[in-house]
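Participant: Got a structure for you, questions after.
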Amino acid sequence: MPRAPQYYHPFQTIRLVISQCDGRKAGTQDGFAKLLGEERSAVTIKKIEDGSLKLSRRIAFLVTAATGVDTAPILRGSLDEPKTLDGTDFNERSYREWTAGLVKGHAIDFAEGIGRELLDLFSATYELRDSAALRRMFCEFADLIATCWDGLPTPDQFKKSNSPNKGANADGILALLNENRIRYQKLSFQEIFAPRAKMNETEKSTTSRVQRKSQRNLIK
């Protein structure tokens, strides 16, 4: 009989749930690493679980994105049973619900959450008048977005694939891939830097119209 592990880590519970839902192989350390998109990190998962390596923010974010587990307590060193982002117990039901909703609902929520965080981050940096940090963040985030688009399949690859997403929405997916890939291949910085300038022009135009109307009213 195999000996019980001498050191418990919440990842072990997460992997157990995954194995119950997706099969035993998916719940191994190798399978868990592949689920996170970190095929070479099975050794990292092992070291985190045996306590010889501290959990990094990157791996924590990947675990949350893949499973819906709130990894913030684990980052702080908690060894309690894992909870979901809603504060409920992590189990087969919560994992299935998370993976089922991940395609659209959670993606939109995540995008909105990231948008709020970015607004706060850039606002704080602006208030600090740290222009060097602002320039660095502009470059890093623009490059990250372009890199993420590069990681998606090309329209031709999507047509040839056996993706389960192909079907009624295939034309919409193709249009999305085409439009955004072309946009980022051209590195259209105007779309990143110009919206505020365009809005300012609109605001100026609107203000001018309001001022002219007020002036006419005064003349009358």
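Participant: Quick one: would you say Ile74 is among the aliphatic types (A, V, I, L, M), in contact (Cβ under 8 Å) with a residue 60 or more places away in the chain and buried (at least 19 other Cβ atoms within 10 Å of the Cβ)?
Facilitator: Yes; evaluated as a whole, the condition is true for this residue.
Participant: Only one residue in Thr84, Thr147 is in contact with a strand residue (DSSP E or B) (Cβ under 8 Å, 6 or more places away or on another chain), surrounded by 10 or more Cβ atoms within 10 Å (Cβ to Cβ) and modelled with pLDDT of 70 or more, so which one is that?
Facilitator: Of Thr84, Thr147, the one residue that is in contact with a strand residue (DSSP E or B) (Cβ under 8 Å, 6 or more places away or on another chain), surrounded by 10 or more Cβ atoms within 10 Å (Cβ to Cβ) and modelled with pLDDT of 70 or more is Thr84.
Participant: So for the range 48-66 (the condition being closer than 18 Å to Thr99 by Cβ, of a type in the set (S, T, N, Q) and buried (at least 16 other Cβ atoms within 10 Å of the Cβ)), does at least one residue qualify?
Facilitator: Yes: the range 48-66 contains one or more residues that are closer than 18 Å to Thr99 by Cβ, of a type in the set (S, T, N, Q) and buried (at least 16 other Cβ atoms within 10 Å of the Cβ).
Participant: If you scan the range 5-45, which residues turn out to be modelled with pLDDT of 90 or more and outside any helix (DSSP H, G or I)?
Facilitator: Quick first cut of the range 5-45, residues modelled with pLDDT of 90 or more only: 8-36, 43-45.
Within the range 5-45, Tyr8, His9, Gly23, Thr28, Leu36 meet the criteria.
Participant: Just to be sure I understand the filter: pairs with C-beta atoms under 8 Å, separated by 6 or more residues or on different chains, first member in the range 39-61 and over 18 Å from Leu16 (Cβ atoms), second member of a type in the set (Lys, Arg). Which pairs pass?
Facilitator: Matching pairs, first to second residue: Leu53/Lys47.
The values are calculated or read from the model by the stated rules, or taken from the named source; none is laboratory data. Model, not experiment: these values are computed from the prediction. In this analysis, Cβ positions are derived from the backbone assuming ideal geometry, glycine residues included, and neighbour counts consider all displayed protein chains.
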